[in-house]
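Trainee: Mind having a look at this structure? Questions to follow.
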Amino acid sequence: MSRKKRGLYFIEQILDYKQYNGQKYYLVKWQGYNNRDCTWEKPEKIPNLAQFLHQFEENVKKNGSNFYHIENDEPPQLEDFIGVPSLSKQNWHQHQQEQINLLQNQVDQLKSEIDLMKKYNDEIVQLITASQQNEKSLQPNQQQDSEIMQESTSEQSQKNTEIKLQCEGGFEFGDQLDKIGQAVQVKDKGNKMYYLLWQKRPNGIVPKNRWVDSEYLMKHDINAFCYYLQKKL
């Protein structure tokens, strides 16, 4: 029963009793309140206990031990009232501290990966800027030679890729990332691996899913990697 309001509360009767860990508890019905507002009290908290126990015994003899049961107005169970612990206090605090330490380690690891991601992002921006400046300085014939060479390399790479691995997924094969499925910590190497799921190719082939490390993700799709880490924080 809520006792936030100031005032006096009067005991109407005792409805039940139970024993837990050698301690006896009595279910007290308060005047002006229904059964749902009953509370479990220790004997020393109940004045005139003998009088109320005599009344309780008479009710049990006359109407049985379930004399107080009313549909849709059941009193609380002793276990609900005292909150029987599943672990000892010492074990519970130890378990709670272990969980806090585990979460803190995960947060520290995510922060470290984000810092590394920012570093790679700055390097990529610098490379893009330098590449754009180099392209502007190229002469027409150099640009034409570069285009021809890129075309030939691209065609040869595509042929080799189709022959070697038609089903394996990867950014190097021109596949588009669908999502990052999950991440695991590799105990031996100490780094984190991410499971990539790919979109279906235009030819209908579904690329094979693949485990990659942080550097691979940051190199090819830093935006997707950043979004995944932000969701986990």
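Trainee: Work out, step by step, the length gained on full extension between residue 219 and residue 74: first 0.36 nm times the residue separation, then minus their alpha carbon distance; give nm to one decimal.
Mentor: Contour length minus the Cα-Cα distance gives 45.9 nm.
Trainee: For residue 39, which sequence-distant residues (separation of 5 or more, or a different chain) have an amide H within less than 5 Å of its own amide H, given hydrogens modelled in the peptide plane?
Mentor: 28
Trainee: Another one. Under the rule of at least 5 residues apart or a separate chain, name every residue whose amide H is placed under 5 Å from the amide H of residue 208.
Mentor: Correct list: 168, 169.
Trainee: Which sequence of 116, 27, 177, 102 reflects their accessible areas, 1.4 Å probe, from the largest down?
Mentor: Descending order: 102, 116, 177, 27.
Trainee: Count charges around residue 218 for me, please; just the other residues with Cβ under 14 Å from its Cβ, Lys/Arg as +1, Asp/Glu as -1.
Mentor: After counting each charged neighbour, the total is -3.
Trainee: For residue 219, what accessible area in Å² do you get when you roll a 1.4 Å probe over the heavy atoms of the protein chains, rounding to the nearest 10?
Mentor: Surface accessible to solvent at residue 219 totals approximately 150 Å².
Trainee: Heavy-atom accessible area of residue 205 with all protein chains present, probe 1.4 Å, nearest 10 Å²?
Mentor: 50 Å²
The values are calculated or read from the model by the stated rules, or taken from the named source; none is laboratory data. Keep in mind that what you see is a predicted model, and the values were worked out from it rather than measured. Methodologically, a virtual Cβ is constructed for each residue, glycine included, from the backbone with ideal geometry; neighbour enumeration extends over all protein chains shown. Keep in mind that these areas ignore ligands, DNA and RNA; they rest on the heavy atoms of the full protein, side chains included. Shrake-Rupley method; radii C 1.70, N 1.55, O 1.52, S 1.80 Å.
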